[in-house]
Amino acid sequence: MENESLKIFRTELDEIQSAGLYKAERVLLSPQQAHIKTAQGEVLNFCANNYLGLANHPELIQAGKEALDRYGLGMASVRFICGTNEIHKRLEDRVSKFLRMEDTILYSSCFDANTGLFETLFNEKDAIISDRLNHASIIDGTRLCKAMRFRFNHADMDHLETQLQRAKKYRLRVIATDGVFSMDGDVARLKEICDLADRYGAMVMVDDSHATGFFGPTGRGSIEYQDVMGRVDLVTSTFGKALGGASGGFTSGRNEVIDLLRQRSRPYLFSNALSPVVAGVTCRAIDLIEESPQLIQKLQSNTAYFRNSLKESGLDVKSGVHPIVPFMIGDAKQAHEMADRLLQEGIYVVGFSFPVVPNGEARIRFQISAAHDVNDIDYLIEKVKSIHDGM
Ligand SMILES: *Cc1c(COP(=O)(O)O)cnc(C)c1O
């Protein structure tokens, strides 16, 4: 019996291998930062979500040590039994104030926040209207929920309106979207989405994982960038990207919504509380972002510098303003070959191809950080250009 199951799994693994989709993990021997140590040597990292370079920031490490000394490793309990520490309440309050939302509930990850959201608030009387390119955790969250599901073509406001019309007869309607889409770095058209939501009496849910803490004038995310703060009903996001990169996620919304989530949301009720160490670090990360606007400014200027230099070098880059910069190649094999060649030059990036992105739209995704300096970016451009010209 065991042999039979292993044979099945091995066949599946072989299929993944032969399709060129097998993901090998590179082991880091240093903290996450611009220049990382790997078993194969030092490389310049352009594929982390470490947007503000906070993953090894000395003040956050200090905040982690203080929380560790004060509160210990963790709660060994879910929140509602004996797992709520004062630092959790402080972080929830901190996030609510930062995003100007009424209340916030913490999860072990944003993935959990999204899977615990929809089934708690919505049932078969309701409808979820979701952008086709939404993150896997939103898709899984809507699958767990009994509400009717409608999908609209990516960023297509006419199609969204069509789906809102089709969903008219449902009790509640919620439009769900990523704030920033991770493969293209494009920003959701939140103003138009909120206008349509107003017109059709729908709620709006935004997953701002690729924006919270650094995107928008003061880092409050795509909701700030698109000037819709106060118009969005539900915001979910992660602490595992810009806000220190440790782990954890949250949902922010109206008091009644968050209260209901505390009563019924399954990943909250049945999973251990976020470590107080992470909560302490994340509180400090938000303080730091508010106290040090130069962090966001550095990221913005690095991003603008990189995007402009690519264009000046005649390299094809999707226009945009986000530090996710997709470099379109088209052919999957060429994208992976280019990533390999860049690695030989000491630059760590990843090639993405079908099914992660549409067929024939293979690309390399560069991610810029405030931790990079101009020399890092110059070096990257020089190597991208020479490898690309020689291909
Ligand atoms: C990264 C990401 C997540 C997952 O966040 P975790 O906290 O790592 O679980 C969810 N949604 C979006 C849009 C993301 O980019």
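The values are calculated or read from the model by the stated rules, or taken from the named source; none is laboratory data. Bear in mind that the values here come from a model prediction, so they are computed numbers and not experimental data. A quick note on method: Cβ atoms are made from the backbone with ideal geometry, for glycine too, and the neighbour counts reach across all protein chains shown.
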- Task: Please name all residue pairs, on different chains or six or more residues apart, with Cβ atoms under 6 Å, provided the first residue is in the range 179-197 and is near the ligand (Cβ under 10 Å from one of its atoms) and the second residue is part of a helix (DSSP H, G or I).
- Result: Gly179/Ser222; Val180/Ser222
- Message: List pairs: first residue in the range 127-147 and in contact (Cβ under 8 Å) with a residue 60 or more places away in the chain, second residue within 12 Å of the ligand (Cβ to nearest atom) and assigned to a helix (DSSP H, G or I) anywhere in the structure, Cβ distance under 7 angstrom, at least six positions apart or on different chains.
- Response: Ser137/Cys110; Ser137/Phe111; Ser137/Asn114; Ser137/Thr115; Ile138/Asn114
- Query: Is at least one residue of the range 324-336 more than 22 Å from Gly245 (Cα to Cα) and in contact with an Asp or Glu (Cβ under 6 Å, 6 or more places away or on another chain)?
  - Reply: yes
- Within the range 98-111, identify whether any single residue is part of a helix (DSSP H, G or I) and touching a strand residue (DSSP E or B) at 6+ places or on another chain (Cβ under 6 Å), and answer yes or no. yes
- Item | Listing of strands (runs of 3 or more DSSP E) fully contained in the range 201-255 that carry 3 or more residues being among the hydroxyl-bearing types (Ser, Thr, Tyr) and surrounded by 21 or more Cβ atoms within 10 Å (Cβ to Cβ) | 234-238
- Message: For the range 37-81, give me each residue that is crowded, with 19+ Cβ neighbours inside 10 Å and not in a loop (DSSP other than H, G, I, E, B).
- Response: Val43, Leu44, Asn45, Leu60, Ala63, Gly64, Ala67, Arg79
- Please name all residue pairs, on different chains or six or more residues apart, with Cβ atoms under 7 Å, provided the first residue is in the range 221-243 and is within 17 Å of Thr104 (Cα to Cα) and the second residue is among the acidic types (Asp, Glu) and part of a loop (DSSP other than H, G, I, E, B). Gly221/Asp208; Ile223/Asp208; Val235/Asp208; Ser237/Asp208
- Task: Only residues that are of a type in the set (Ser, Thr, Tyr) and touching a Leu at 6+ places or on another chain (Cβ under 7 Å): list them for the range 151-202, please.
- Result: Tyr200
- Message: Tell me yes or no: at least one residue of the range 122-142 is outside the structural domain of Pro358 (by TED's automatic domain parsing), within 25 Å of Ala48 (Cα to Cα), among the charged types (D, E, K, R) and buried (at least 17 other Cβ atoms within 10 Å of the Cβ).
- Response: yes
- Which residue, of Ala127, Ala155, is within 24 Å of Val356 (Cβ to Cβ), away from the ligand (no atom under 14 Å from the Cβ) and touching a Lys or Arg at 6+ places or on another chain (Cβ under 7 Å)? Ala155
- Task: Could you figure out which of (1) under 19 Å from the mean Cα position of the chain (by Cα); (2) more than 10 Å from the ligand (Cβ to nearest atom) isn't true of Ser265?
- Result: (1)
